[in-house]
Structure formats: C-alpha cells, structure tokens
1. Show me, for the range 54-70, the HN-Hα J-couplings you get by feeding each phi into the Karplus relation (A = 6.51, B = -1.76, C = 1.60, θ = phi - 60°), rounded to Hz, glycine and proline as x.
2. Along the three principal axes, how long is the range 17-131 when you take its alpha carbons, biggest first, rounded to the nearest angstrom?
3. From largest to smallest, what semi-axes in whole angstrom does the range 95-137 give when each is the square root of 5 times an eigenvalue of its alpha carbon gyration tensor?
4. Taking K and R as +1 and D and E as -1, what net charge do the other residues with C-beta under 13 Å from the C-beta of Tyr78 add up to?
5. Quick one: if the Förster radius is 25 Å, what FRET efficiency do Glu25 and Asn83 give, using the C-beta to C-beta distance and rounding to 0.05?
6. Strictly greater than 12 Å: what percent of every Cα pair in the range 15-56 meets that?
7. Which order do Trp76, Trp107 take by accessible area at a 1.4 Å probe, largest first?
8. Given the Cα-Cα distance of Arg105 and Phe118 and 0.36 nm per residue of separation, how much length would full extension add, in nm?
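The values are calculated or read from the model by the stated rules, or taken from the named source; none is laboratory data. Computed from a predicted structure; not experimentally measured. Note: ideal-geometry Cβ built from the backbone for every residue, glycine included; neighbour counts use all protein chains shown. Remember, those area values only see protein heavy atoms, side chains included, never the ligands or the DNA or RNA. Shrake-Rupley method; radii C 1.70, N 1.55, O 1.52, S 1.80 Å.
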Amino acid sequence: MFKLWRRIKQTKIYSKYQKIKEELEDQKLNRICVGEDRMGNKFYQYYSYYGLPTRREIRFLDDGNKVVNDLAFYDWLYKRQENAPSIEELQQFYLDQEKRFQLARKWDEQQEIMMNSFREQLKLKAEQYKKVEQKLSLEQQDNEIFQEMNGQIRNKKIKENFELNQYLEVRNLDPILQCYQGILIIQNEMISQQQNKQITDCKYFFFLCQPLKQYKCH
C-alpha cells in the first residue's frame, strides 16, 4: 500500500494536483511563495486585506525536523532584508557557501595534521622524560646506597675511635684510681682498728665496774 502511494506521488498528475492545491490555498490565505531552498523548505509572504505585507513564514518539507539548516532565506525571514533573494543571488550564495565549506575542510585537515604531529612530538618528549626520570631515579638510588655505606663506615670509625679514646682515658687514669683505692683501703683499716680498740676499752671498763663479791676464791 505504501509503495503504491509513493509511486502515485511520483507521477506528473499528482504533482499538478499538488500545485493547483497550493495555489488555491495561497489565494485563500492571501500569501505568495517567494522561494524555496535546497532542503525543499518553502518561504511565504503574507499580505493583509489591503495588500500590505504582514508576516513571513517558512513551511518545512519534513514536519518532524523543523530546523533552518539552509541560511539562504535567513535574513529575509527575520526581516533583516527587504526583498527575498532571487535565483541568481541564491546560486551565488550557494557557491560562496561551498567555497567556505572547502576552506573549512582544508583548515580542519591542516589542524588535524598539526595535532597529529603535536601528539607524536608530545609522545616522544614523554618517552624522553621517562628515560631521564628512570636515569635520575637510578642515580638517586646509587647515591643513597653510597651515602648509606659511607654512613656505616663513618659510624664504625666513630665507634672505634670512641672505644680507643675510652680505653686511653681509662689507662691514663689507672694510677690515680690505684692510689685512690689504696687510700680507701688504709682508711678502712684505720677505722677498723679504732673500732676494735673502742670495743676492748669498753669491755675493760665494764669489767672494772662489776662488784668484787661476785668473784669467789677457790
């Protein structure tokens, strides 16, 4: 059914019928079709009862897509231009538009080439930076290992020097310590002798103080 309807629309009789129908509708609404763009959209100029121009309208070929993609009648539609563009003006507009599109395509291609070269250079620089970072990290690790070894050797030397100095100090102080120990021994002996003498004196004193009657002659 749909295929048959499409075939009917493609016939000359149906196109003539559509043309007569549009003319009758234009006369009824008091309007004139001023032109048609490449998308198939038609532009109308409405008139009042007295023949004065009132509003301008676009009738889209596809009612589901009501977007003005062709700008040939854009200025006229929004009353920036008094008269609608003629056929010659439309042809020149489309030629200029095609030139602009070609220049835009060339510019896009140049930009794409430039961006690709920039990405390649950036990739190469990133690889170079990565190699440099790896080299620096290896050098830093080597420096850390070298510093750690130097620190261990330095600590070992400091420890050995400290032990040697301590040994020398003790060795130098040995005679003094020996004298001090001898003095302490002599002092302890004198104190012990004095204590023993005091104890013997006390025993003798207590012995003399006891009464004589406690002692009997046998």
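1. 10, 10, 10, 9, 10, 10, 7, 5, 10, 5, x, 10, 9, 10, 7, 8, 9
2. 83, 29, 25
3. Values: eigenvalues 333, 4, 3 Å².
Working from the Cα gyration tensor, I get semi-axes of 41, 5, 4 Å.
4. Working: positive: Arg55, Arg56, Lys79, Arg80; negative: Glu57, Asp75, Glu82.
Taking every Cβ under 13 Å from that of Tyr78, the sum is +1.
5. On the way: r = 23 Å, r/R0 = 0.94.
Approximately 0.60, to the nearest 0.05.
6. Working: 547 of 861 pairs.
Here the tail beyond 12 Å accounts for 64 percent of pairs.
7. Details: Trp76 5, Trp107 145 Å².
My answer, sorted largest first, is Trp107, Trp76.
8. Values: separation 13, 0.36 × 13 = 4.68 nm, distance 1.96 nm.
Here the segment from Arg105 to Phe118 would lengthen by 2.7 nm.
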